[in-house]
Amino acid sequence: MSAHCSKTSGDQPFICSSPLDSAAHRQRPLDICIASPEFIGPSPHGASGIAHTAMAQGLAAAGHQVTCLFLGAKSPSTHEWHRWVEKYRCDGLTLVALPQINASELVAPANLIKSYEAYHWLKKNDRFDIIHFPERHGPGYHTLTAKHHGLAFGRATICVGLHAMTAWLRAADPKPVNALTEVDTEFMERRAVALADAVVSSSQNLVDWISDQRREKPGNVREDPLTQPARSAQPPVAPHLQEIDELVYFGTLETSKGVALFCDALDVIPSAIAKKLQTVSFLGKEAVIDGIPARDYVRKRAQRWPFPFQMIADLHETSTMDYLRQKNRLAVIPTLRESSPYRVLECLVARIAFVASRVGGITELIAPADVSKVCFEPNAGALCAILCATLTEGIRPARAVVDARANEQASTALRENSPARSNPAPHRAFSQLASHWPGLSNEAAQAAIQALSIDPTDAIALKVLARIHLNTGLHEAAQESCQLILKDHAEDAEALQMIEEARNEAAKLQENIIDSKTATRSPQETGRLETLQTFAVGAGLTAPFACP
């Protein structure tokens, strides 16, 4: 289908997506969940938070029911959290904090725990037509794996948005992997992208990188126009020349976003031009650069600068843009790699003067006539040259290629028309286990263990595990599996029955002690136990299956 995007004469549209008016393609408002560690307000200002908040607002404005599932750390202030809940409610959105599972019950890397907690909540609230996850840190891994194996989410279309995969970012900041958790995280991101019903990306840049790296390429990739939160756009006006006396680094303070490049350029600004600077500001979340906190890194670099500097890390989205709108300020976006340039879009929509690296999809957002005036190659010399020209001659804010409202409509239509991947039926052996307890096959055991590797609280799979233990004489392990069931289902008759059966069998063994020398297993029994133990190793369940 052809794209429908507003554009100025002679400009080429950035978007290629679904038609804007998709009302004919849906019968009712959709129930949508956007699960993200960043939203405007509950989390520090970040590009991902802007994107997900804008997406939610656009979908709500189109008449859909939208739940914003916040995966980040909730503010310790109850009043502050409820203020944002009410603010979102006024925008037609439901803001929910992801409940944490008792930490003592989960021993795993933080990203893996977060993914499981998200799955746990979504399974309890399995009502959504569309679920959207970012790929970063793999928060959708368990949810997508569960759908892939037919355990849940049969009605949902699960989308994954590409923004900044861990391995992709590492290419801009090469360093050795120093923790196994980084390997886990990369695997979770990769699998989430591969298993998604639809993968949405604002630029082809990251999709091409995935293909070039011979990674698991997503099958249903659709271009997703960058959108901005409601009321952020400014009325169209002719860009006027602005004098500049403050440079503002705009972005997260990390290597891939070009902090070192910005500092390198500041080092070589001629003293005569440097005198025009009142101050240099670093506006964004602080991370780690070259192994040290960003604040310490900047202080060290600033020792040779003839102008003052300041760090601003605690502003939310609205306050950030208000700061940049002030007279004589230039936003500098020296990123080394960029797939979804939200910072650039923010400045374009808000008519804020900026300069940015000529990387990724940045130039696709800017009117062709303005690209050479505001974009530079990502090296210190080129950045220094454009900063000097700006400080000497002033600058006009760049114009955007496409209209913000058209982007919002196209992004909404994209999700309304996203097809769901067919949901596999549960393993036949697994789905019929309840009626075949005595004759459990290895195939059935494997299906149950696979289910437990995704959700360790799955009641049916725990019953299978308990029956396996009973059949092999592991009565204490059988009782432990049933106790796990009873934690959530206190009246479960089958679990109670198997506990009673295990106790009776254990009592019989105590009464009839058999000489161990004569109590040997048949070759068939030994082979069966070894097979079950092999399955268990793959799911991390070795201990309960250890052969006595």
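When restricted to residues that are in a helix (DSSP H, G or I) and of a type outside the set (Phe, Trp, Tyr), segment 43-98 contains 25.
Let me confirm something: among Arg170, Arg215, Arg190, which residue is at pLDDT 80 or above, at negative phi, in the same structural domain as Leu122 (by TED's automatic domain parsing) and not acidic (Asp, Glu)?
On the way: Arg170 fails: at pLDDT 80 or above; Arg215 fails: at pLDDT 80 or above.
Within the list Arg170, Arg215, Arg190, the selection yields Arg190.
Contact map, segment 64-78: residues that are touching a residue at least 60 places away in the same chain (Cβ under 8 Å) and assigned by TED's automatic domain parsing to the domain that holds Gly92 paired with residues that are surrounded by 12 or more Cβ atoms within 10 Å (Cβ to Cβ) and of a type in the set (Lys, Arg), Cβ distance under 7 Å, separation 6+ or inter-chain. Pairs shown: Leu71/Lys114. Taken over segment 99-113, the criterion of being surrounded by 11 or more Cβ atoms within 10 Å (Cβ to Cβ), part of a loop (DSSP other than H, G, I, E, B) and at pLDDT 70 or above is satisfied by Gln100, Ile101, Ala108, Pro109.
Considering (1) part of a loop (DSSP other than H, G, I, E, B); (2) small (Gly, Ala, Ser); (3) under 22 Å from Thr185 (Cβ atoms), the lone condition that Ala152 does not fulfil carries the number (3). Criterion applied to Val332, Val371, Val359 was being assigned by TED's automatic domain parsing to the domain that holds Thr390, surrounded by fewer than 18 Cβ atoms within 10 Å (Cβ to Cβ) and touching a helix residue (DSSP H, G or I) at 6+ places or on another chain (Cβ under 9 Å), and the one residue passing it is Val371.
Only residues that are out of contact with any helix residue (DSSP H, G or I) (no Cβ under 7 Å at 6 or more places or on another chain) and within 16 Å of Val248 (Cα to Cα) were counted in segment 299-311, giving 4. Taking first residues from segment 141-161 that are in contact (Cβ under 8 Å) with a residue 12 or more places away in the chain and partners that are acidic (Asp, Glu) and outside any helix (DSSP H, G or I), the Cβ contacts under 6 Å between residues at least 6 apart in sequence or on separate chains come to Ala152/Asp126; Thr157/Asp197; Ile158/Asp197; Val160/Glu135.
Pull up segment 267-301, narrow it to residues that are touching a residue at least 60 places away in the same chain (Cβ under 8 Å) and not small (Gly, Ala, Ser), then point me to the one that is surrounded by the most Cβ atoms within 10 Å (Cβ to Cβ). Let's see the steps before the verdict.
In the first step, residues of segment 267-301 are kept if they are touching a residue at least 60 places away in the same chain (Cβ under 8 Å); the result is 267-270, 273, 276-277, 284-285.
Subset that is not small (Gly, Ala, Ser): 267-270, 273, 276-277, 285.
On the way: Asp267: 13, Val268: 14, Ile269: 23, Pro270: 9, Ile273: 15, Lys276: 15, Leu277: 20, Lys285: 16.
This residue is Ile269.
Total residues in segment 374-397 satisfying the condition of being under 34 Å from the mean Cα position of the chain (by Cα) and either in the same structural domain as Ala54 (by TED's automatic domain parsing) or over 16 Å from Pro334 (Cβ atoms) (or both): the figure is 1. Looking only at residues of segment 83-103 that are more than 22 Å from Leu30 (Cα to Cα) and aliphatic (A, V, I, L, M), we find that the one that is farthest from the chain's Cα centre (by Cα) is Ala103. Taking into account only those residues within segment 354-406 that are among the acidic types (Asp, Glu) and assigned to a helix (DSSP H, G or I), which is nearest to Ala272 (Cα to Cα)? Only one residue fits best here, namely Glu393. Counting only residues that are out of contact with any Leu (no Cβ under 6 Å at 6 or more places or on another chain) and either within 16 Å of Gly291 (Cα to Cα) or assigned to a strand (DSSP E or B) (or both), segment 238-280 holds 10 of them.
The residue of segment 23-44 that is nearest to Thr157 (Cα to Cα), among those that are among the β-branched types (Val, Ile, Thr) and at pLDDT 90 or above, is Ile32.
Based on this model, can you work out whether Arg222 counts as at pLDDT below 95, in a strand (DSSP E or B) and surrounded by fewer than 21 Cβ atoms within 10 Å (Cβ to Cβ)? Full working, then the answer.
Details: at pLDDT below 95: yes; in a strand (DSSP E or B): yes; surrounded by fewer than 21 Cβ atoms within 10 Å (Cβ to Cβ): yes.
Here the answer is yes, as Arg222 does meet what is asked.
The values are calculated or read from the model by the stated rules, or taken from the named source; none is laboratory data. Nothing here was measured: the structure is a model prediction, and the numbers come from that model. Cβ atoms come from the backbone with ideal geometry, glycine included; neighbour counts cover every protein chain shown.
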